[in-house]
Structure formats: structure tokens, C-alpha cells
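As C-alpha cells, the structure follows; a few thoughts come after it.
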Amino acid sequence: MVKQIAIIGGGIVGATAAFYLSHLPDSEQTQVTLFDDGTGQATKAASGIISPWLSKRRNKRWYALAKAGAELYPKLVTEAQLGPDAYQQTGTIVTRKSAKDLEKLYQEALTKADHTPAMGHVTLLSSEAVQQRLPLLSNPPAGVFVSGGAKIDGANFVWKLLERAQQTNLKIIRQTVSLTADGDIITEDGLQQFDQTIIATGAWMKKTLTPMGITMKIRPQKGQLIDLKLSQQLAPQSMPVLMPEGSSDIIPFNNGKLVIGATHENEGGFDLKATQVAAQQLLNNAKAFMAHLNSHQITGVRVGTRAYTDDFAPFFGRLPNRSNILVGGGLGSSGLTTGPIIGYLLAHSIFGQSTTDWQQYTKPVSQYIE
């Protein structure tokens, strides 16, 4: 008997879950339907960095989850046959404002690298060495280079995962749906029932679950980033990402594309309008390192809505007393790092193949319900 699975939300969690539900053993006995209208989706608007190891965050569960997410990427990229337009492991350069803090960061990185193979090799770079790796910089800072760091185009990554899943057992329906009090799905064609449902609607999860009498502790945050086009003289291939302390990340892609971002606008909520103020702020942040940039090089502003919890930590698992409904959300700004591992674990749970203790990664879902 074919098991009917629904996924509500086609961002990084939903797309990864859909891919693995089409890739894992027993997938031939599963039909997956994904519902998503794409409105405000954080993943679609994001270009991200996969390099959690030197984060200042001290939440141990978050770090364990982010570390596992970074370790999953090479496996996921190989299994889904993704190319460099979606994911590139070019390394990351992390900076600190003082030489003392930078040396401390370097020693911390060396210690972590000893038992974290995914980090690759760690190198302390002078400003001159940074410029050699990032020739587009006019005012390079010194930094710590981590070779295992990577960059990802969120929209392309998700699109490729869903395309692969569609070749097997995935049906995508581009529409907004709602739930009944019992957790069944109301579509434009009427009521539909599924054996199990994954809900990954990001900042909209509170609204999604309200009909079931469940109020999630989630708040929205607006994020904007800018895309720029560089001249070919300043755009060599496969450059690392620059993560300057206290400023905006600088993410160079191939063919002269440069991404600067992103903002963290707590008052922006679900507003999806690009603003000149944010674009200028991001441009000014980048000009501190690249004085030659100007507003005429901006080719677009992308806007998305992140979901945050009170403790700034992602959560996932089965709803209390609703064993057929799984949720994953609250990813915040680390969504492209933590989202895939959450989708991976949820997919394994659907098939009853999960042997991982989720408590090392997340508090119980009940802690995020009012």
C-alpha cells in the first residue's frame, strides 16, 4: 500500500525532506505531495554561507545541529548531483577587529579542526594573503581561512532538489493551503487526507497551525540582500567568502556576481518590499572593503522573511499528541546550514529509519508552543 505524505512549505527544510523521501529505501512505496506558494520564502531570497564552526553563538544544541548540517552537505550534493551553480566549497575567511581576537579565533579554529574533518584545513592569513585570495578587495582585513566552508545559492539549490524528487515520487502544487482542526489539508480542490504531514512553513508556521489550536512561539524577521555585477577584471572564479566581524558578508559567485547581505529587520515582519535604505546600508558595508563599488552595479535586491524562536534556536519533531504531523522551523539566519539536516532527519523519521537522538540538536517541540 502506497503511503501518502504531504509537505507544506517548499523552502530548504521541505525541499530536502522531499528529496530524501524520494531517495531513501522504501521511497517506491511513497507518494509525496508538496504544497507551496513561495510567498516571502527565506530560502528563495537567500545566498548563504555554510561555515558554522567559528560562530560566536554558544548554544550547544544549535552548534551540534549546524555542525551536522555542514557535514551533510557534501553527501547531499553528491546524491542530488548538484553543480557549482547551487553549491561551491570554496572556503570562508572569518575576521576579527583586533589582532588579539583574531589570534584567539585562530587557536580556537585549530582546536576544533582536530576533531572536525569537515572544516578542512585552517590558515591564519595576513591582509595581503586575504587579498591574494580575494583580489576584488581594496581594503582587505586579516582573517582565518577555513577550507571546508562553502557558499550556496538558496533558490537554485532548492529548485534542483525538488527537480530531482519530481523524477521519482514528488508532486508539487503551487497554492496556499490550510489545515482543519484534525490536521487534514484544505486545498483549492477540497479536503485531502495524508498518512503523515511535514509542516515547514517558516515564519508562517504560527498561522499554519492555528486551526489545530496550536500557537507556535515564532516571530518573523525581514531580511534583505543585494546582488551586484562586477567587471571581469575583478571577478576571478571560485573565490572564498568573506565574513567580516560586525559587518555584512561578502559572497562572490562565478561570472562576476557578488552578493552582500543580509539585513536583520525585526520590525519588518512580513513586509516584502525592498528598501533603498537597506540597499545603501549593505552597499556601504561592502565599500569598507571594496571602495570601487557603486550603486550602478546593483542588479537587484532580494527580500525574504526568516522565522525566529525566543531562544534563537531551530526546532523539529512530531507535534505533541499528533504523531502523524512533523514540524521543522525557527531556523533564523542559519537556515541554509541547519535546514537540510532537519529535512534529512524528518524524512528518515517518516520511514522509521531515524536512530539519531534528536535531543542533542533541539529541545522538545512542546517548548516552542504557547
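Explain nothing, just the number: dipole magnitude of the chain about its Cα centre with +1 on each Lys and Arg Cβ and -1 on each Asp and Glu Cβ, in debye rounded to the nearest 20. Please list the in-between numbers first.
Working: 34 positive and 29 negative charges, 157 e Å.
Roughly 760 debye for the chain.
Go ahead and run the numbers for FRET between K207 and E128, Cβ-Cβ distance against an R0 of 51 Å, rounding to 0.05. Show your work: numbers first, answer last.
Details: r = 52 Å, r/R0 = 1.01.
For R0 = 51 Å, the calculated efficiency reads 0.50.
Lys/Arg Cβ at +1, Asp/Glu Cβ at -1, dipole of the chain taken about the Cα centre: which of V77, G268, T30 is farthest positive-ward?
Of the options given, the answer is G268.
What is the calculated FRET efficiency for K97 to L24, with r their C-beta to C-beta distance and R₀ = 41 Å, to the nearest 0.05?
Numbers: r = 46 Å, r/R0 = 1.11.
Calculated transfer efficiency: 0.35.
Considering only the other residues whose Cβ falls under 11 Å of the Cβ of R306, what net charge follows from Lys and Arg at +1 and Asp and Glu at -1?
On the way: positive: R219, K222; negative: E265.
After counting each charged neighbour, the total is +1.
What does the C-alpha gyration tensor say about the overall shape of segment 146-218? Classify as rounded when a/c is under 1.5, otherwise prolate if a/b is larger than b/c, or oblate.
Values: a/c = 2.84, a/b = 1.51, b/c = 1.88.
Judged from the Cα gyration tensor, segment 146-218 comes out oblate (a/c at least 1.5, b/c at or above a/b).
Roll a 1.4 Å probe over the protein heavy atoms and report the accessible area of E71 in Å², nearest 10.
80 Å²
With every protein chain kept in place and ligands, DNA and RNA left out, what is the accessible area per residue of segment 47-146? Probe 1.4 Å, answer in Å².
Working: 4690 Å² over 100 residues.
Per residue, segment 47-146 has an accessible area of 47 Å².
Carbon and sulfur together cover what percent of the accessible area of segment 135-184 at a 1.4 Å probe radius? Before the final figure, lay out each step's value.
Numbers: 850 of 1850 Å².
It is 46 percent, rounded to a whole number.
How charged is the neighbourhood of G9? Take every other residue with its Cβ under 11 Å from the Cβ of G9, and add Lys/Arg as +1 and Asp/Glu as -1.
Working: positive: none; negative: D36, D37.
Neighbourhood net charge equals -2.
Leaving ligands, DNA and RNA out of it, rank D311, D182, D357 by accessible area with a 1.4 Å probe, largest first. Provide the component values of the computation, followed by the final result.
Numbers: D311 45, D182 110, D357 90 Å².
Order by accessible area, largest first: D182, D357, D311.
Could you size up the charge dipole of segment 301-370 around its Cα centre, putting +1 on the beta carbon of Lys and Arg and -1 on that of Asp and Glu, and report it in debye to the nearest 20? Provide the component values of the computation, followed by the final result.
Numbers: 5 positive and 4 negative charges, 43 e Å.
The dipole magnitude comes to about 200 debye.
In deg cm²/dmol, rounded to 500, what helix-only [θ] at 222 nm does the chain give when every DSSP H run of at least 4 residues adds -39500 (n - 2.57) and the total is split over its residues? List each step's numbers first, then the result.
Details: 8 runs with 101 residues, N = 370.
Rounded to the nearest 500, the figure is -8500 deg cm²/dmol.
Keeping all protein chains in the complex and leaving out DNA, RNA and ligands, what accessible area do you get for I214 with a 1.4 Å probe, in Å² to the nearest 10?
Answer for I214: close to 20 Å² accessible.
If you roll a 1.4 Å probe over segment 5-118 with all protein chains in place, what percent of the accessible area is carbon or sulfur? Please report the intermediate quantities before stating the final value.
Numbers: 2410 of 4590 Å².
C and S atoms contribute 53 percent here.
Could you list, in their original order, any pairs among K56/K97; K257/K287; K207/K363 whose Cα atoms are separated by more than 18 Å? If you can, show how the numbers build up before the last one.
Numbers: K56/K97 14 Å; K257/K287 16 Å; K207/K363 22 Å.
Among K56/K97; K257/K287; K207/K363, the Cα-Cα distance tops 18 Å for K207/K363.
Can you give the FRET efficiency to the nearest 0.05 for D311 and S138, using r as the Cβ-Cβ distance and R₀ = 35 Å?
Details: r = 40 Å, r/R0 = 1.13.
E between D311 and S138, to the nearest 0.05, is 0.30.
What figure, in Å² to the nearest 10, do you get for the accessible area of R133 with a 1.4 Å probe and non-protein molecules left out?
90 Å²
GNM on the chain, C-alpha springs below 10 Å: top fluctuator among H292, H348, H23?
Checking each option, the largest mean-square fluctuation is seen for H292.
To the nearest 10 degrees, how steeply does helix 12-23 sit against the main Cα axis of the chain, on a 0 to 90 scale?
Roughly 60 degrees between the two axes.
How many nm separate the modelled label positions at T78 and N266, each set 7 Å beyond the Cα in the direction of the Cβ?
Those two pseudo-labels are separated by 4.3 nm.
If you fit an axis through the alpha-carbon atoms of helix 154-166 and take the longest principal axis of the Cα set of the chain, what angle between them do you get, 0 to 90°, nearest 10?
For 154-166 against the chain, the angle is about 40 degrees.
Antiparallel as a % of all DSSP beta bridges within segment 1-153, to the nearest 5?
Numbers: 13 of 19 bridges.
So the antiparallel bridges amount to about 70 percent of the total.
In degrees, nearest 10, range 0 to 90: what is the angle between the Cα axis of helix 335-350 and the longest Cα principal axis of the chain?
30 degrees
By how many nm would the segment from T180 to K56 grow when fully extended, if each residue of separation counts as 0.36 nm and the alpha-carbon distance is taken off? Don't skip to the end; give the middle numbers.
On the way: separation 124, 0.36 × 124 = 44.64 nm, distance 4.12 nm.
40.5 nm is the gain from fully extending T180 to K56.
With the cut-off at 1.5 for a/c, could you classify segment 318-370 from its C-alpha gyration tensor as rounded, prolate or oblate? Please report the intermediate quantities before stating the final value.
Working: a/c = 1.68, a/b = 1.09, b/c = 1.54.
The shape class here is oblate.
If the chain between A274 and K229 were fully stretched, how many nm would it gain, using 0.36 nm times the residue separation less the Cα-Cα distance? Intermediate results must be reported in sequence, preceding the final value.
On the way: separation 45, 0.36 × 45 = 16.20 nm, distance 1.83 nm.
Working it through step by step, the gained length comes to 14.4 nm.
Measuring from label point to label point, each 7 Å out along Cα→Cβ, what is the K363 to N294 span in nm?
My value for the distance between the label points is 5.1 nm.
Any idea how far apart Q237 and E71 come out in nm if each label point goes 7 Å out from Cα toward Cβ?
3.2 nm
Would you mind telling me the antiparallel percentage of the DSSP bridges in the chain, rounded to 5?
Numbers: 45 of 66 bridges.
Within the chain, antiparallel bridges account for around 70 percent of the total.
Assign one of three labels to segment 228-370, namely rounded, prolate or oblate, based on the Cα gyration tensor with a ≥ b ≥ c the square roots of its eigenvalues; rounded applies when a/c is under 1.5, prolate when it is not and a/b is larger than b/c, and oblate otherwise.
Values: a/c = 3.04, a/b = 2.05, b/c = 1.48.
Prolate.
Net charge near D227, counting Lys/Arg +1 and Asp/Glu -1 over other residues with Cβ under 10 Å of its Cβ? Intermediate values should be presented prior to the final figure.
Values: positive: K229, K257, R302; negative: none.
Every neighbour counted, the sum reads +3.
Which whole-number percent is the relative contact order of the chain (Cα, under 8 Å, 6+ apart)?
Working: 822 pairs, mean separation 93.6, N = 370.
Answer for the chain is 25 percent.
Considering only protein heavy atoms and a probe of 1.4 Å, how much of the accessible area of segment 285-346 is carbon and sulfur, as a whole percent? Before the final figure, lay out each step's value.
Numbers: 1010 of 2070 Å².
In segment 285-346, the share of accessible area belonging to carbon and sulfur is 49 percent.
The values are calculated or read from the model by the stated rules, or taken from the named source; none is laboratory data. These numbers were taken from a predicted model, which means no experiment stands behind them. As a convention, Cβ positions derive from the backbone with ideal geometry for all residues, glycine included, and neighbour counts pool all protein chains shown. Ligands, DNA and RNA are excluded from the accessible area calculation, which covers all protein heavy atoms including side chains. Shrake-Rupley method; radii C 1.70, N 1.55, O 1.52, S 1.80 Å.
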